[in-house]
Amino acid sequence: EAGSHITFVLPMPKSWSQKKRATMKGQAHQHKPDADNMIKALMDALFADDAHIWDFRVTKVWGETGQILISSIERAA
């Protein structure tokens with residue numbers, strides 16, 4: 001069975017310099033919105049009832065444009 005790794009890529013502020021943007025791209029996003037609120041909103045948007053979801057990992061990073069990336073996590077037997 002597989003779980004999911006959900007990566008929220010949050011856009012960097014336009015006010016940031018090119019140097020800061022280059023440094024922060026792909027780095028941990030440790031500001032609001034909170035990861036738990038983001039995953040709840042995503043699950044509510046995707047499923048009428050998400051009770052069947054039992055395993056996922058969530059990551060928030062900075063990026064040029066906003067994205068939601070979902071990849072599979074394979075389990076060891």
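The values are calculated or read from the model by the stated rules, or taken from the named source; none is laboratory data. Here the structure is a predicted model, which is why all the values come from computation and not from measurement. Quick reminder, even Gly has a Cβ in these numbers, built from the backbone with ideal geometry, and neighbours come from all protein chains shown. Ligands, DNA and RNA are stripped out before the accessible areas are found, and what is left, the full protein with its side chains, is counted by its heavy atoms. Shrake-Rupley method; radii C 1.70, N 1.55, O 1.52, S 1.80 Å.
Here are a few things to note about the model shown:
- Restricting 20, 32, 25 to those that are more than 11 Å from the chain's Cα centre (by Cα), at pLDDT 95 or above and loosely packed, with under 13 Cβ neighbours inside 10 Å reduces the list to 32.
- In the stretch 12-64, the residues that are under 23 Å from residue 75 (Cα atoms) and assigned to a loop (DSSP other than H, G, I, E, B): 50, 51, 52, 53, 54, 55
Every residue, every condition in (1) surrounded by 10 or more Cβ atoms within 10 Å (Cβ to Cβ); (2) under 16 Å from residue 3 (Cβ atoms), yes or no:
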{"position": "38", "(1), (2)": "yes, no"}
{"position": "54", "(1), (2)": "no, yes"}
{"position": "57", "(1), (2)": "yes, yes"}
{"position": "61", "(1), (2)": "yes, no"}
{"position": "70", "(1), (2)": "yes, yes"}
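- Residue in the stretch 43-53 that is more than 23 Å from residue 71 (Cβ to Cβ), of a type in the set (Gly, Ala, Ser) and modelled with pLDDT of 95 or more present: no
- Residues in the stretch 35-77 that are among the β-branched types (Val, Ile, Thr) and either under 17 Å from residue 10 (Cβ atoms) or within 11 Å of the chain's Cα centre (by Cα) (or both): 39, 58, 59, 61, 65, 68, 70.
- Taking residues in the stretch 36-54 that are among the β-branched types (Val, Ile, Thr), and partners anywhere that are open to solvent by less than 90 Å² (accessible area, probe 1.4 Å), the pairs with Cβ atoms closer than 6 Å and at least 6 places apart or on different chains are 39/58.
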